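Chemist: Dropping the structure in here first, questions after.
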Amino acid sequence: MRVGELINPPPGTTLLAWRNLAHERARLAVTLVGIVFAVVLMGAQLGLLVGFARTASTLVDHADADLWITPEGTSNVDIAGRLPLARMYEARSVPGVARVDPYMVQFAFWKKPDGGTESVIVVGFDLATQRGAPWALTDGTPADLQRDDGVIVDHLYWDKLGITRLGQLVEINNLRVRVVGATSGIRTFTQSPHVFTTHARAQRLTLFPGYQTTYLLVKLAPGADRDAVRRALAARLPHVEVWTREGFARQTQRYWLITTGAGSALLLAAALGLLVGIVVVGQTLYASTVDRLAEYATLVALGAPTRYLNRVIVKQAAISAALGFVPGLAVTAAMAWLSRYGNTPMLLPGWLALLLAALTLGMCLLGSLVSIRRVTRIDPTMVFA
Amino acid sequence: MSATVLTLEDVRVTYGEGAAAVHALNGISLDVRRGEVTMLMGPSGSGKTTLLQVMGCLLRPSAGRVRLFGESLEGAALAALTELRRRHVGFVFQHYNLFPTLKAWENVAIALDLRGAPRETLRPRALALLERLGLADRAEHYPAELSGGQKQRVAIARALAGQPVLLLADEPTAALDGATGQAVAASLKALAHELDCAVVVVSHDPRVLPYGDRVLELEDGRLKSDRRHGGNAHA
Ligand SMILES: Nc1ncnc2c1ncn2[C@@H]1O[C@H](COP(=O)(O)OP(=O)(O)OP(=O)(O)O)[C@@H](O)[C@H]1O
Ligand SMILES: [Mg+2]
């Protein structure tokens, strides 16, 4: 179809649909407002869901491990149990394993310079290999952590933690630390900010003995079969669970989205948006169809099969969907863009935009069902009345 | 030369049931031929519109038989009747029933489109039909911008789009003044002869009577008279 035909199609069901819409500007405006509202509501809720999920699993996603070895019974990355470091040496001897590094994740208390207390998550990574190091550094380097008391905190949480400048001294679990670096955009789902430091210092700050850690990060040798190595590690090491990176990320997301109720609340709100869209489109389209019943009856008298009428209605719904989706998506994208430095991330990846398009179309088609039902039982003899 | 298009055998139509039943047609038998204009007269409520609907495969009779080209329509499904209308029947209504959002030529082109005419032929064919009815210069106008007579001629052009063998018009001149009504009736008659199709026109209007080759008179759902002029409009 040529571009001109989009606006001025040849006589047929598309033209009828288009003109029906164009000749009822007020009704079209109501329809489009309803669709935009529904798209934005669905987009915002689903975007928040994606944002929350990504935030919840951000440590797992960025640690660059093929496999995660966790203490038995671990349900998410933030609440960790204890693993003997001896497991690290056992794991290194399993065929297919190239590297194993320790990784600490542990809640701790942060005393602000002005005296208040906040809860934080201390994240300790192996300084030599940098596996699990903070990404998106804007101030300082991981090497700055070499000094005795260095930690790195994301700018998002400086206010919350009372940090005003690099080099500031604070306390974690009553031990003195110094802020030597900052990252940008590393959010926490738990509301407890991540405080990055070396593995050894993390052990000390969280009162772990030197022979214990929380996780072991496994890198595979080139060509190794990940699932086979995973099973071998699970068989070899006692009282641990071995996850793929994606598996542990998904488990962490599921845990936080379900236990906090955030997942179902967001999905419910998105479903509400869908429902509002269906009702608004259904209402306005039905009103239009009833107004034009005589025209539909004329078409039937002229020999138009029911599917010809249905096509006019479905195309009205589809055109409305397209006209409403574009501004709706633009508003949603703007909201996502504005949220990028906020505490609540809203993400709009390409697949979500496609999903929104499909939901919008489905919403409009569902809305058109009542109208289709109405014209299906139209009586063409009414044109003689 | 006057081949039979449609045959009705003892057709009856009853609306409603029991005490409320209305017998709109009480045993009508007749046939309709190509190239002939039939005028259908009769008092209000005599069953003219009902008869036209039966002829046009819009209404299934309660009893009796309708044959199109000799084939009985008994038991035909609604979808099958719709297809017969699309292929063989053209309708013209008292109130024109043009699509108000479409220009004159687009109104005609829709009738071509629903018969599956190729896209690129829609405009030239619609314009040719309008020209035949003397409306070439009104093709780009919307129905609201046309006079009653012009609207009715657009409707006739639309009815002709499917090259029907049966053109049915219910009081096509009732909303028009005398002279315009006569012009429309004259168009219908000329087309019947030119296109060799059967035309049935319901009318109250004695002034258009002379344009019929044949006059049927209905009363209480029965045929009261059936006169032919033998092709002479001024008998
Ligand atoms: N859908 C219907 N339901 C019930 N009764 C109907 C229906 N249509 C027509 N009738 C009745 O059938 C009879 C014939 O009606 P019809 O419309 O065929 O008459 P007509 O000759 O066209 O009248 P007019 O000149 O007023 O248009 C009338 O008594 C009418 O009331
Ligand atoms: Mg009538």
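The values are calculated or read from the model by the stated rules, or taken from the named source; none is laboratory data. These numbers come from a predicted model, not from an experiment. Don't worry about glycine lacking a Cβ; one is built from the backbone with ideal geometry, like all the others, and counts go over all protein chains shown. Accessible surface is based on the protein model in full, side chains and every heavy atom, while ligands, DNA and RNA are left aside. Shrake-Rupley method; radii C 1.70, N 1.55, O 1.52, S 1.80 Å.
Chemist: At R0 = 22 Å, how high is the FRET efficiency between A:S119 and A:D139 if r is their beta carbon distance? Nearest 0.05 is fine.
Modeler: Efficiency at R0 = 22 Å is approximately 0.40.
Chemist: I've got another one for you. Just the Cα atoms of the stretch B:172-235: what Rg and Dmax do they give in Å?
Modeler: So, for the stretch B:172-235, Rg and Dmax equal 12.0, 34 Å respectively.
Chemist: Go from 0 up to the bin containing the longest alpha carbon distance in the stretch B:20-67, width 10 Å each, and give me the % of pairs per bin.
Modeler: Final binned percentages: 21, 58, 20, 2.
Chemist: With just the Cα atoms of chain B, tell me how far they stretch along each of the three principal axes, in Å, largest first.
Modeler: For chain B, the Cα spread along each principal axis is 50, 41, 40 Å.
Chemist: Report in % the part of the accessible area of chain A that belongs to carbon and sulfur, leaving out ligands and nucleic acids; probe 1.4 Å.
Modeler: Carbon-and-sulfur percentage of accessible area, whole number: 61.
Chemist: Which residues in the stretch B:191-223 place their backbone N less than 19 Å from a point set 7 Å from the Cα of B:E131 along the Cα-to-Cβ direction?
Modeler: B:191, B:194-195
Chemist: Report, in whole Å, the centroid distance computed from the Cα atoms of the stretch B:53-111 and the stretch A:351-385.
Modeler: First find each Cα centre; the distance between them is then 25 Å.
Chemist: Considering only C-alpha atoms, what is the centroid distance from the stretch B:163-233 to the stretch A:294-350, in Å?
Modeler: The stretch B:163-233 and the stretch A:294-350 have Cα centres separated by 48 Å.
Chemist: Which length gain, in nm to one decimal place, applies between A:A200 and A:V33 when the Cα-Cα distance is subtracted from 0.36 nm times their residue separation?
Modeler: Working it through step by step, the gained length comes to 54.4 nm.
Chemist: Next up: Angle between the Cα long axis of helix A:25-56 and the longest principal axis of chain A, 0 to 90 degrees, nearest 10?
Modeler: Once rounded, the angle reads 20 degrees.
Chemist: Return, for the Cα atoms of the stretch A:243-377, the radius of gyration and Dmax in Å, separated by a comma.
Modeler: 20.3, 67
Chemist: Treating only the Cβ of Lys, Arg, Asp and Glu as charged (+1, +1, -1, -1), what charge dipole size does the stretch B:4-234 show about its Cα centre? Round to the nearest 20 debye.
Modeler: 300
Chemist: Consider just the alpha-carbon atoms of the stretch A:118-181 and return their Rg together with their Dmax, both in angstrom.
Modeler: 11.3, 31
Chemist: So what is the accessible area of the stretch A:287-338 per residue, in Å², with the probe set to 1.4 Å?
Modeler: Value for the stretch A:287-338: 36 Å² per residue.
Chemist: Still on this structure, please answer the following. Which is the longest stretch in chain A that no exposed loop site breaks, taking sites as trypsin sites (Lys or Arg not before Pro) with a DSSP loop state and at most 14 other Cβ atoms within 10 Å? Show your work: numbers first, answer last.
Modeler: Details: sites that count: A:R2, A:R82, A:R147, A:R165, A:R377.
Longest stretch, sites excluded: A:166-376.
Chemist: Work out how far the C-alpha atoms of chain A reach from end to end along every principal axis, then list the three figures in whole Å, largest first.
Modeler: 94, 51, 37
Chemist: A further question follows. Just to be sure I follow the rule: in the protein assembly as shown, considering lysines 8 or more places apart or on different chains, how many pairs have Cα atoms under 26 Å apart?
Modeler: 10
Chemist: Now for a separate question. Run through every distinct alpha carbon pair of the stretch A:73-238 and return the Kirkwood hydrodynamic radius in angstroms, one decimal place.
Modeler: By the Kirkwood definition, the hydrodynamic radius is 16.6 Å.
Chemist: Calculate the length of the line joining the C-alpha centroid of the stretch A:9-88 to that of the stretch A:104-119, in whole Å.
Modeler: 32
Chemist: Chain pair A, B: how much accessible area is buried, both chains summed, with a 1.4 Å probe, in Å² to 100? Mind showing how you got there, number by number?
Modeler: On the way: alone 17730 and 10910 Å², together 26160 Å².
Roughly 2500 Å² of accessible surface disappears when A and B pair.
Chemist: In degrees from 0 to 90, rounded to the nearest 10, what is the angle of the helix B:178-195 Cα long axis to the longest principal axis of chain B?
Modeler: 90
Chemist: Further, regarding this structure: State the percentage of accessible surface on the stretch B:4-234 attributable to carbon and sulfur atoms; use a 1.4 Å probe and exclude ligands, DNA and RNA.
Modeler: 49
Chemist: Shifting gears a bit: Mind grabbing the base-10 log of I(q)/I(0) for the stretch A:1-151 at q = 0.13, 0.19 Å⁻¹? Debye formula, identical points on the C-alpha positions, no solvent, two decimal places.
Modeler: Those come out to -0.80, -1.35, one per q.
Chemist: Now, a different point. Once R0 is set to 45 Å, what does the formula 1/(1 + (r/R0)^6) return for the Cβ-Cβ distance between A:V370 and A:Q130, expressed as a FRET efficiency to the nearest 0.05?
Modeler: Efficiency at R0 = 45 Å is approximately 0.15.
Chemist: Treating the angle as unsigned and between 0 and 90°, give the value, to the nearest 10°, between the Cα long axis of helix B:104-113 and the longest Cα principal axis of chain B.
Modeler: Once rounded, the angle reads 60 degrees.
Chemist: Could you give the nm distance between label points at A:Q146 and A:L338, where each point is 7 Å from its Cα heading toward the beta carbon?
Modeler: Label-label distance for A:Q146 and A:L338, simple model: 4.6 nm.
Chemist: Ok, one more. I need the per residue convex hull volume for the stretch B:73-167, using only the alpha carbons, in cubic angstrom as a whole number.
Modeler: So the per-residue Cα hull volume is 101 Å³.
Chemist: Can I ask one more? Which one, B:E17, B:E140, B:E217, has the greatest fluctuation when you compute a Gaussian network model over chain B with C-alpha springs under 10 angstrom?
Modeler: The residue with the greatest mean-square fluctuation here is B:E17.
Chemist: Determine the calculated [θ] at 222 nm for the protein assembly as shown from helices alone, applying -39500 (n - 2.57) to every DSSP H run no shorter than 4 residues and normalising by the residue count; nearest 500 deg cm²/dmol. Don't jump to the answer; show the numbers that get you there.
Modeler: Numbers: 19 runs with 269 residues, N = 620.
After summing the helix terms and dividing by residue count, I get -14000 deg cm²/dmol.
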